[in-house]
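The values are calculated or read from the model by the stated rules, or taken from the named source; none is laboratory data. Model, not experiment: these values are computed from the prediction. No Cβ is skipped: glycine too gets one built from the backbone with ideal geometry, and neighbour counts run over all protein chains shown. Side chains included, ligands, DNA and RNA excluded: accessible areas come from the protein's heavy atoms. Shrake-Rupley method; radii C 1.70, N 1.55, O 1.52, S 1.80 Å.
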Amino acid sequence: MYRYVCEECGYETTIIHGINESPKVICEECGARMKRTIGRVGIIFKGSGFYTTDSRKSERKKETATSSEKKD
């Protein structure tokens, strides 16, 4: 799925075609040529290391492990 935007009027549409295809897309509103643009993509980061609090948690675990060893 590729998003196209009209160079003249700003009309947007989505067209499905192969990755190696580059069709000439014409605007349905004004008849001008449309340009392929980057689509809006949702990104989800999974796992550790994406937040500043992730690294702090691992440091706290190390501190509590060393402090419990000292007590023994």
Completion exercise
Taking region 1-23 and keeping only residues that are acidic (Asp, Glu), farther than 14 Å from THR37 by Cβ and surrounded by 10 or more Cβ atoms within 10 Å (Cβ to Cβ), one is left with GLU8
Handout entry: Qualifying residue in region 24-40 (condition: open to solvent by 100 Å² or more (accessible area, probe 1.4 Å), of a type in the set (A, V, I, L, M, F, W, C) and in contact with a Phe, Trp or Tyr (Cβ under 9 Å, 6 or more places away or on another chain))
Key = no
Fill in the blank from the handout: The number of residues in region 32-43 that are part of a loop (DSSP other than H, G, I, E, B) and either in contact with a helix residue (DSSP H, G or I) (Cβ under 7 Å, 6 or more places away or on another chain) or modelled with pLDDT of 90 or more (or both) is 1
